[in-house]
Amino acid sequence: MQPTYQHKDVERAAHAHWNANDAYRVTEDAGKKKFYACSMLPYPSGKLHMGHVRNYTINDMLTRYLRMNGHNVLMPMGWDAFGLPAENAALKNGVPPAKWTYENIAYMKQQMQAMGLAIDWSREVATCDPSYYKWNQWLFLKMLEKGIAYRKTQIVNWDPIDQTVLANEQVIDGKGWRTGATVEKREIPGYYLNITAYADELLDHVQIGNPKATLNGWPDKVRLMQENWIGKSEGVRFAFPHTITGTDGALIGDGKMYVFTTRADTIMGVTFCAVAPEHPLAQHAAANNPALAAFIEECKTGGTTEAELATQEKKGMATGLFVTHPLTGAQVEVWVGNYVLMSYGDGAVMGVPAHDERDFAFALKYNLKIQQVVAVAGEGFSTEVWADSYADKQNGVCVNSGVLDGLGHKAAVDKVAELLAAQGLGEKKTTFRLRDWGVSRQRYWGTPIPIIHCAEHGAVPVPEKDLPVVLPQDCIPDGSGNPLHKHEGFHAGVTCPVCGQPARRETDTMDTFVDSSWYFMRYCDPTNSEKMVAEGADYWMPMDQYIGGIEHAILHLLYARFWTKVMRDLGLVKVDEPFSKLLTQGMVLNHIYSRRTEKGGKDYFWPHDVEHVLDETGKVVGARLKNPATSGDGLLPVGTPIDYEGVGTMSKSKNNGVDPQDLIEKYGADTARLYTMFTAPPEATLEWNDAAVEGSYRFLRRVWGFGHKLSTLGGLGALAAGVSGQGLSKAAKALRLEIHTVLKQVDYDYQRMQYNTVVSGAMKMLNALEDFKPDGSAADNAALAEGFGILLRCIYPATPHVAHALWSALGYAAQSGELLDAPWPQADEAALQRDEIELVLQINGKLRGSITVPANADKAAIEAAALASEAFVKQANGATPKKVVVVPGRLVNLVV
């Protein structure tokens, strides 16, 4: 073997060996305990980033450890290949999204293979492959049959110049991201999935403290995020009667404007109602009110989600219409509010300014009445300044509320529901914040929705025999709308499945969350052309460990859970939940350096071009260039002052990313893997540190150097197999004690996926091995060989290339087989038994050193050893101790 660590040679040889043996292909094996470990599939953006490296290394370490422990472990990989980034790249580069996507997949796959990941590539899927998205379409048709999928109008962001629908993230300050045109809200037809029908089950399984919860292997913060997103609310839905008629003379909404509230106890404090701009009452009022019509048009440029509405300025305008308070008979003015969404509830809310902070601010802004109807003992009330106690339903009681006076929250809600029900105007109701999932996207690069539009029969499902509806791969979006509208081949020869007359295909495509909602099922049967999933899913599902970023804690995980339950109800799978355990790995952070240009722009600088400026205490107070750098102001010289922004997530735009390929080229994949595992626990953020990368590389060189030193012994596997407690020197016994003690901790850390302490344990092992001075006997050499073999197996899941090379070169493979399937080392309890123990020595209660005694020494022997110690003889000066206190296994105290 080479005397020095040459990472390129080592990794090249390891890859060739694993590929030649198809080492990572996995099949179903009823004789082994299965374990399905999966990382969230990446979007093929072009290059891996360090977040990918960390995620996949966590998965890889788990996979290799469990395989060595006898499990049948599946670690697959695929590509979340549809979506907007490919269309944006097509606009920028003038190439079809398909070409851009497949080129990126090829490059990223090459990077993953360079990392030495134990991926079963025979199960690879790409969501843009017709063999995959055929099943998106098939299940969509099944959902249509069952009523889970349905068609209705939806409000979207419309760019009037590009003539296309924009995603929320493409709307910047109310303008289209590409054209800068003011974005409008439009109602267009689209398809929805009835996820709300599963709301109770989705909540029950995830809710902390719920006896029906099954996702106890998920982080509490993720479970809470899901619970809040589902948003179950107990309240009252009721109507404000009115006599407002439309142009046809009929009462609008049958003379009832419905609202839902969780605070029915405040009903006597209603001083206004607000409706969404699209509400029938708003539209009716605007017909003869130009100012209101203009305000409604302005509302169309606002946000379309709750998150956006929460941050935008709350605006409103009176409609001049009034509805009747159902309990008092008072007339209540109706306003249009830009913060009310038609898609949530009934598109109307009751306004109680005294006990809702948003309503309070709205009332102050528009000089509306604020009427207190709940009081908290000891708390005052002002109509000028909001206080949190105004909304305290736990401690509040009703006041100024007639029959409700003196009642607490629950009793008041029950009474209000009773009074409203008696009039046929309301009832208790459970609602959810969760809304049905709109899956129609007016964009090209996605799964075609399998619908044909006929002039006579309308929207008709594509027959199953005609699936998949294949997406043309030659389109190049130009910003003028969905290119499928104009693609002749996509519509050529299409006829209505009902009447056979010429028709046109649906040009909407599916939300890309559809693609990622079941890919983990397809890994189980990736090549099955007859079934969406088959026997493989029965064997592998549910997934035992899912690994991914916290940014997917809500939508992706929620949709995957819903999709699984639908597949279950259609008889396709037998599981209720897809992911038994979830790990959300921390982000990789790096320093951020910037500088304002003379024109007011901002330039970012690579960390390797910058050095910190420190104050006298060592605190970072600034930064300056240590290398010349180009900026918007031209070439900046060494010493130019730079702003230090602290640490943040690695980003191309901020020039603080680290290219894994550069790292692999310079130090090797094992160093990249080891660094990302050692520097922080998997769930914690990892702050990049170039010096620590160098440290990881030095450790691997030390491991290699020590292995080369041992190579002169020859046949270490056979040597290690012959180790026993007999004939060992004192130093060898101490070595085995240290190695097996650390092994026990390392094994425990592997089980709890604390991989940073696994690596630190391996470093302790190497230190012990390097410090060991064998006496040259066969027994000592055996202890040395055993210890190094344990070290190699402990670091193998983190650094498989170097461990594989040393395991083979030093003869361990000849004795114990491939490292990939070598048995995981077990701590030898005999080695953990100490021949001698060290006890703290105290004289008159003060620490004076220590003594070493046989492990089985009795009190008399310990006392004798203490009296004979140099420290006592010197301190006592011939005196006899008055008292001797022995604490077994810990200390001995001599009182003189």
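Each value in this text was obtained by applying a stated rule to the coordinates, not by laboratory testing. Owing to the predicted nature of the structure, the values given are computational and were not obtained by experimental measurement. For neighbour counting, all protein chains shown are included, and Cβ atoms are generated from backbone atoms with ideal geometry for every residue, glycine included.
So which GluC sites (Glu not before Pro) in segment 623-707 end up in coil per DSSP with only 16 or fewer other C-beta atoms within 10 Å? Let's see the in-between values first.
Working: sites: Glu645, Glu665, Glu683, Glu687, Glu694; in loops: Glu683.
Of the GluC sites (Glu not before Pro), the ones in loops of segment 623-707 whose Cβ has at most 16 other Cβ atoms within 10 Å are Glu683.
Show the residues, 5+ positions off or on another chain, whose built amide H is closer than 5 Å to the amide H of Lys429.
Gly235, Val236, Arg237
In whole Hz, with x marking every Gly and Pro, tabulate ³J(HN,Hα) for segment 691-707 from phi via Karplus 6.51 cos²θ - 1.76 cosθ + 1.60, θ = phi - 60°.
Ordered by residue, 3J(HN,Hα) equals 5, 5, 4, 4, x, 5, 5, 5, 4, 5, 5, 5, 4, 5, x, 5, x Hz.
How far is helix 778-795 tilted off the main Cα axis of the chain, in degrees rounded to 10, range 0 to 90?
Once rounded, one gets 10 degrees.
Mind checking the full-extension length gain between Asn19 and Glu770? Use 0.36 nm per residue of separation minus the Cα-Cα distance, one decimal, nm. Mind dumping the intermediate values first?
Numbers: separation 751, 0.36 × 751 = 270.36 nm, distance 3.39 nm.
The span from Asn19 to Glu770 would gain 267.0 nm if fully extended.
Hey, which lysines would be in cross-link range of Lys365, C-alpha to C-alpha under 20 Å, not counting anything within fewer than 8 residues on its own chain?
Lys314, Lys315
Near Lys709, which aspartates and glutamates are there with a Cα under 20 Å away, not counting those fewer than 8 places off in the same chain?
Here the aspartates and glutamates satisfying the reach criterion relative to Lys709 are Asp9, Glu770, Asp771, Asp775, Asp780, Glu786.
As a footprinting exposure proxy, order Met115, Met257 by other Cβ within 10 Å, with the fewest listed first.
Ascending number of Cβ neighbours within 10 Å: Met115, Met257.
Calculate, for Tyr748 and Ile161, the FRET efficiency according to 1/(1 + (r/R0)^6) with r their C-beta to C-beta distance and R0 60 Å; round to the nearest 0.05.
Details: r = 61 Å, r/R0 = 1.02.
Efficiency, rounded to the nearest 0.05: 0.45.
Extending each Cα 7 Å along its Cβ direction at Lys626 and Ser389, get the distance between those two points in nm, one decimal.
Placing both labels 7 Å beyond Cα along the Cβ direction yields 5.8 nm.
Determine the relative contact order of segment 261-413: mean sequence separation of Cα pairs under 8 Å and six or more apart, normalised by residue count, in whole percent. Can you show the working numbers first?
Details: 259 pairs, mean separation 42.4, N = 153.
Value for segment 261-413: 28 percent.
Which residues among segment 475-517 fall inside the zone where the amide N is under 16 Å from a point 7 Å beyond the Cα of Glu464, along Cα→Cβ?
Backbone N within reach: none found.
Can you tell me, using C-alpha contacts under 8 Å and at least 6 residues apart, the relative contact order of segment 836-895 as a whole percent?
Values: 89 pairs, mean separation 24.9, N = 60.
The value is 41 percent.
Calculate one ³J(HN,Hα) per residue across segment 372-389 by plugging θ = phi - 60° into the Karplus curve 6.51 cos²θ - 1.76 cosθ + 1.60, and present them in order as whole Hz with x for glycine and proline.
6, 10, 9, 10, 10, 4, x, 10, x, 8, 9, 8, 10, 10, 6, 9, 4, 5
May I ask you to list the GluC sites (Glu not before Pro) in segment 454-530 that are in a DSSP loop and have at most 11 other Cβ atoms within 10 Å of their Cβ?
For GluC sites (Glu not before Pro) across segment 454-530 that sit outside H, G, I, E and B with at most 11 neighbouring Cβ atoms in 10 Å, the list reads Glu456, Glu530.
Less than 16 Å apart at the alpha-carbon level, and either on another chain or at least 8 residues along: which lysines does that give for Lys212?
Of all the lysines, those that pass the test against Lys212 - Cα under 16 Å, at least 8 places apart if same chain - are Lys232, Lys565.
Using only Cα atoms, tell me the angle between helix 669-678 and the longest principal axis of the chain; keep it within 0 to 90° and round to the nearest 10.
That helix lies at roughly 80 degrees to the long axis.
Between Lys365 and Ala181, how many nm apart are label points set 7 Å from Cα along the C-beta direction?
For the pair Lys365/Ala181, the computed spacing is 2.9 nm.
Quick check: residue separation of Val95 and Glu829 times 0.36 nm, minus the Cα distance between them. What number comes out in nm?
Contour length minus Cα-Cα distance gives 257.8 nm.
Go ahead and run the numbers for FRET between Ala250 and Asp129, Cβ-Cβ distance against an R0 of 60 Å, rounding to 0.05.
Working: r = 53 Å, r/R0 = 0.88.
Computed FRET efficiency for Ala250 and Asp129 comes out at 0.70.
Order of 757-766, 606-615, 273-282 by packing, highest average Cβ count within 10 Å first?
Values: 757-766: 20.2, 606-615: 14.9, 273-282: 23.9.
Taking the mean over residues of other Cβ atoms within 10 Å, the ranking is 273-282, 757-766, 606-615.
Mind pulling the angle between the C-alpha long axis of helix 7-20 and the longest principal axis of the chain? Nearest 10 degrees, somewhere in 0 to 90.
Computed tilt is about 70 degrees.
As an exercise, use a Förster radius of 22 Å and the Cβ-Cβ distance of Ser382 and Asp405 to find the FRET efficiency, rounded to the nearest 0.05.
After rounding, the FRET efficiency stands at 0.55.
Given [x] 62, 38, 29; [y] 63, 31, 25; [z] 45, 34, 28, which label gives semi-axes √(5λ) of the Cα gyration tensor in Å as computed from the coordinates?
Given [x] 62, 38, 29; [y] 63, 31, 25; [z] 45, 34, 28, the calculated one carries the label [x].
At 0.36 nm per residue, and after removing the present C-alpha to C-alpha distance, how many nm does the segment from Glu838 to Ala855 gain when stretched out fully?
5.2 nm
Sequence gap at least 6, Cα distance under 8 Å: using those rules, report the relative contact order of the chain to the nearest whole percent.
Working: 1639 pairs, mean separation 117.0, N = 896.
This gives 13 percent for the chain.
Hey, if you put +1 on the Cβ of every Lys and Arg and -1 on every Asp and Glu Cβ in segment 588-649, which of Ala623, Gly639, Ile592 ends up farthest toward the positive end of that dipole?
The residue sitting farthest along the positive end of the dipole is Ile592.
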